[in-house]
Structures are given as C-alpha cells and as structure tokens.
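We did not get these values from a lab; they are worked out from the coordinates using the rules stated. Bear in mind the structure is a predicted one, so any value in this text is a computation, not a measurement. Cβ sites come from the backbone with ideal geometry, for glycine too, and all protein chains shown count toward neighbours.
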Amino acid sequence: QVQLVESGGGLVQAGGSLRLSCAASGMTFRMFAMDWYRQPPGKQRELVATIYSSGTTNYAESVRGRFIISRDNAKNTVTLQMNSLKPEDTGVYSCHAYRLSNNYWGRGTQVTVSS
C-alpha cells in the first residue's frame, strides 16, 4: 500500500533552518504531484508548497522566498527546505501526494519555531 513518511521536524530558533523529507513507497512517485501542508496550533491546515510531476513549483505567499520544495524521483522523496523560520511557521507539517482521484497523506512531523 501507499506510504508517505515524513522526517526532519524539530525545535529551532527563529531565523534558523530545517529540512523536511517525505519518503514515498507503494506508488509511481514520478507521476504524482506532491505537496507540503501545515497545521498551526488551533488553526486549519494550509497548503505550503507544491511540486508537480513536471517539476513546476508553487508556494504560499507566507513562505515564498524562504522555503524551497524539491523532489528526487530516483529516491521517491520530496523535500522542503525551510529557511529564515518564524514562530508563525510552527505547526504539524504533512506530506500529500495526489494524481487524478488518488490522494495520500503522511502522518506529519512537528515543527516548532521559538522566538
């Protein structure tokens, strides 16, 4: 079955960096668009960044210029490099894969940015 497993979360001071990874299995990874979502404490989940099968990327306005999403189709992984982190970047970050009517979620990894 399809599995998405995130790693790389943790506690970091404001201004610092973290690198999240999502390892996919059980799917034809290169054919799927991949997203990173986050859910801040007490708030709804929000889309952070997307990378399509073509390699095209999109970012939420709040992270554009600070975060970089990338994918390695040979390793079935998608990565989110997060720089210049702010306390408002705190939340549970989840990996999401979708193609046509199929979509899959990872369990998420906690990112906490202290001020």
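Checked against (1) surrounded by fewer than 21 Cβ atoms within 10 Å (Cβ to Cβ); (2) within 14 Å of residue 3 (Cα to Cα); (3) under 13 Å from the mean Cα position of the chain (by Cα); (4) hydroxyl-bearing (Ser, Thr, Tyr), residue 57 meets all criteria but (2). Of the residues in the range 81-90, not one is surrounded by 13 or more Cβ atoms within 10 Å (Cβ to Cβ), among the small types (Gly, Ala, Ser) and part of a strand (DSSP E or B).
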